[in-house]
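The values are calculated or read from the model by the stated rules, or taken from the named source; none is laboratory data. Since this is a predicted model, take the numbers as computed values, not measurements. All Cβ positions, glycine included, derive from the backbone under ideal geometry; neighbour counts span all protein chains shown. For the accessible areas, the whole protein counts, side chains as well, though only heavy atoms, and no ligand, DNA or RNA atoms are used. Shrake-Rupley method; radii C 1.70, N 1.55, O 1.52, S 1.80 Å.
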Amino acid sequence: SAVISQKPSRDICQRGTSLTIQCQVDSQVTMMFWYRQQPGQSLTLIATANQGSEATYESGFVIDKFPISRPNLTFSTLTVSNMSPEDSSIYLCSVEDRLASTDTQYFGPGTRLTVL
Amino acid sequence: AQSVTQPDIHITVSEGASLELRCNYSYGATPYLFWYVQSPGQGLQLLLKYFSGDTLVQGIKGFEAEFKRSQSSFNLRKPSVHWSDAAEYFCAVGAPGTASKLTFGTGTRLQVTL
């Protein structure tokens, strides 16, 4: 399976600021996703990062708050904008390689964000 | 809409004891089914998956899961738990033919006593 890394691994931020999280994969993959895991909760899909086009957001998530880029098949960023304490979560990226026909998502290690 | 229920929020077992974590799903057909494990401070690691065929699937770390269509269940089992198995376990379902739209259960936290 692909090796996925995320930067930063954790951060503490002040409310009103923005943080950009990077997701790097060691091989080209077709699909990349961003999830949020609030404290003590399960995973919620934020959006699908589309290479060369705008991300596809799930209900309850908007581009102004969570802008996403995917410039190529191995890299994506998620920005958490104008942060509030409610944004304190673990943010995870995942990948699915449809060309490999695995029909399986593999996850990065996550970014633990605390907003004060 | 698809949904996943993990009825046990927290389970404690003794090291060496057997383990069964429950997962029930709601879906119109047979979905793709997954179990992931999240160790403290870590991302999710895939334990096993079921797409079709043999209803008993083997995974990594000695885990197995059994798909029971009649019960809409996909329970995770391990015959002998090790202290290193202490973690959060998530069951997930996806539409057949793709893993793009995964729905996760709320997770079961496993504690292992020595």
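Summary table below
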| item | result |
| --- | --- |
| Options A:SER89, A:SER42, A:SER76, A:SER53: the member that is hydroxyl-bearing (Ser, Thr, Tyr), touching a Phe, Trp or Tyr at 6+ places or on another chain (Cβ under 8 Å) and farther than 27 Å from B:PHE51 by Cα | A:SER76 |
| Residue check, B:ALA1 open to solvent by 60 Å² or more (accessible area, probe 1.4 Å) and not in a strand (DSSP E or B) | yes |
| Some residue of the stretch A:59-82 being touching a Leu at 6+ places or on another chain (Cβ under 9 Å), surrounded by fewer than 18 Cβ atoms within 10 Å (Cβ to Cβ) and within 14 Å of another protein chain (Cβ to nearest Cβ) | no |
| B:ALA29 vs. criteria among the aliphatic types (A, V, I, L, M) and over 30 Å from A:THR111 (Cβ atoms) | yes |
| Subset of the stretch B:66-88 [within 17 Å of B:ALA17 (Cα to Cα) and not acidic (Asp, Glu)] | B:ASN75, B:LEU76, B:ARG77, B:LYS78, B:PRO79, B:SER80, B:VAL81, B:HIS82, B:TRP83, B:SER84, B:ALA86, B:ALA87 |
| Number of the exception - B:GLU64 against (1) modelled with pLDDT of 95 or more; (2) within 14 Å of chain A (Cβ to nearest Cβ) | (2) |
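For (1) closer than 18 Å to B:VAL4 by Cα; (2) within 12 Å of chain A (Cβ to nearest Cβ); (3) of a type in the set (Gly, Ala, Ser), each residue gets a yes or a no:
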position: B:GLN45; (1), (2), (3): no, yes, no
position: B:LYS49; (1), (2), (3): yes, yes, no
position: B:GLN71; (1), (2), (3): yes, no, no
position: B:LYS78; (1), (2), (3): no, no, no
position: B:TYR89; (1), (2), (3): yes, yes, no
position: B:PHE104; (1), (2), (3): yes, yes, no
